[in-house]
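The values are calculated or read from the model by the stated rules, or taken from the named source; none is laboratory data. Predicted model only: the values in this text are computed from it and were never measured. We place every Cβ from the backbone using ideal geometry, glycine too, and count neighbours over all the protein chains shown. Note: accessible area is taken over every heavy atom of the protein model, side chains too, but ligands, DNA and RNA are not part of it. Shrake-Rupley method; radii C 1.70, N 1.55, O 1.52, S 1.80 Å.
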Amino acid sequence: MNLILIGIQGSGKGTQAKQLVKKFDMKHITTGEIFRKHISQRTDLGMKAQEYMNKGELVPDKFVFNIIEGTLNEANGNFILDGFPRNITQTEFLLNEFKIDAVILLDLKDEKAIERLMARRHCENCGKDYNVLFKPPKQNGICDECGGKLVTRKDDNKEAITKRIEKYHAETNEVVKYFAEKNLLLKVDADQTPKAIHEDIIAKLKK
Ligand code: AMP
């Protein structure tokens, strides 16, 4: 099965992807991660991509196709895509070569996503993640693992989050519409527990 996972920041995309990968033994393909790996290895492609990523812009399609084609071919029949496709050209490239079984949209209102993202904390010492709404530490502001201080990511303030969300909508709206027209879109309510979301996804995939 080839799947695409689309969801706003804070919709629980990472958690759901992990569970689907485990259940179906799929390959999780995340273009953002692939680019970050190229950057850390200082490849030519990584250096080119970094210029765009630093400005918060999409990397030109030719570089994206370059990094993703081989990976898609290797995983064909058993992948879950995250962060790709981001525009119609990428969508058409994908559908030309690969059969997509479903596109899962984790649907969450912007206000909910903002609330969730503002509740994120991490330990400044060991990096462990918390969320004061869903995964609070035993003791307020203190890491369970190492006793370090829990802090908020610099870009998890309301203004920065709102900007990221606007960008998400601008990028994904046309892609979501495209898949809806092709009858491939499975809309799942992301304002539920991770377990309930997972069960909904499985039920919708079975239909
Ligand atoms: P992400 O972690 O998915 O937010 O991706 C981080 C950055 O990598 C994005 O802001 C883009 O600059 C770049 N990127 C990731 N995936 C794509 C893609 N499918 N098309 C173009 N640029 C991408």
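Observations on the structure shown:
- Take the range 55-100 with all the other protein chains still there, run a 1.4 Å probe, and you get 47 Å² of accessible area per residue.
- Within the range 1-135, DSSP assigns beta bridges of which about 25% are antiparallel (rounded to the nearest 5).
- Each Cα pair under 8 Å and six or more residues apart adds its sequence gap; the mean of these over the residue count of the chain is a relative contact order of 28 percent.
- For the range 116-207, the relative contact order comes to 20 percent (Cα pairs under 8 Å, sequence separation of at least 6).
- Accessible-area composition of the chain, carbon plus sulfur, in percent [1.4 Å probe]: 48
- Where the alpha-carbon atoms of the range 40-95 are placed on the principal axes, they occupy 32, 25, 17 Å, in descending order.
- Cut-off 14 Å between beta-carbons: net charge of the residues surrounding residue 126, Lys and Arg +1, Asp and Glu -1: -1
- Applying D = kT/(6 pi eta Rh) to the range 65-116, where Rh is the Kirkwood radius over alpha-carbon pairs, T corresponds to 4 °C and eta to 1.567 mPa s, the Stokes-Einstein value obtained is 101 µm²/s.
- Total lysine pairs in the range 63-159 at Cα distances under 17 Å, for residues eight or more apart or on different chains: 8.
- Electrostatic tally near residue 98: other residues with Cβ closer than 13 Å to its Cβ, Lys and Arg +1, Asp and Glu -1, net -3.
- Pairwise label distance in nanometres, residue 154 with residue 43, each label 7 Å out on the Cα-Cβ vector: 2.8
- Each Lys or Arg adds one and each Asp or Glu takes one away; over the other residues whose Cβ falls under 11 Å from the Cβ of residue 45, this sums to +3.
- Mean sequence separation of contacting Cα pairs (under 8 Å, at least six apart), scaled by the length of the range 3-117, corresponds to a relative contact order of 49 percent.
- Chain lengthening between residue 124 and residue 109 when straightened (0.36 nm per residue, less Cα-Cα): 2.4 nm
- Volume per residue for the range 1-125 equals 144 cubic angstrom (convex hull of Cα atoms).
- Surface/4 estimate of mean projected area, convex hull on alpha-carbon atoms of the range 56-207, nm²: 11.0
- Label-point separation in nm, residue 163 to residue 193, each point 7 Å along Cα→Cβ: 3.7
- Here the average projected area of the convex hull drawn through the C-alpha atoms of the range 114-157 stands at 2.7 nm².
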